[in-house]
Amino acid sequence: MDIKKVSLPNIFLIGSFIIALITGWNELQALKPVNEKLRVVELQIKTCENKVSSLEKGEERFNETLKSINTTLIELNGTVRELKGIVGK
């Protein structure tokens, strides 16, 4: 392709594409911490579900399991607050 044949609108189009690509990449990188926190939230919720399930089956001691669920819910609350802080930026 001869460089003289590249029109001004095509240069702007290519430039706009490059800017959009860079912007999209930066936004994707900004979502990584959110994704990591969401994985933690998912794991904490799954932990609570498993503990409640074991309680229903009578597999564990009731008071100890409730304390453990409470601890996990407190951790979940903290993770959600961290997630709000990341998203709120």
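Just so it is clear, none of the values below were taken in a lab; they were calculated from the coordinates. Quantities reported herein were computed from a predicted structural model and do not represent experimental measurements. Don't worry about glycine lacking a Cβ; one is built from the backbone with ideal geometry, like all the others, and counts go over all protein chains shown.
A few remarks follow.
- Whichever residue in segment 54-89 is of a type outside the set (K, R) and outside any helix (DSSP H, G or I) and, among such residues, is surrounded by the fewest Cβ atoms within 10 Å (Cβ to Cβ): G88
Results for (1) within 21 Å of the chain's Cα centre (by Cα); (2) over 18 Å from E82 (Cβ atoms); (3) assigned to a helix (DSSP H, G or I), shown as yes or no for each residue.
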residue: P9; (1), (2), (3): no, yes, yes
residue: I18; (1), (2), (3): no, yes, yes
residue: N26; (1), (2), (3): yes, yes, yes
residue: A30; (1), (2), (3): yes, no, yes
residue: N35; (1), (2), (3): yes, no, yes
residue: E42; (1), (2), (3): yes, no, yes
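- Residue match in segment 51-64 (condition: closer than 26 Å to G85 by Cα and polar (S, T, N, Q)): no
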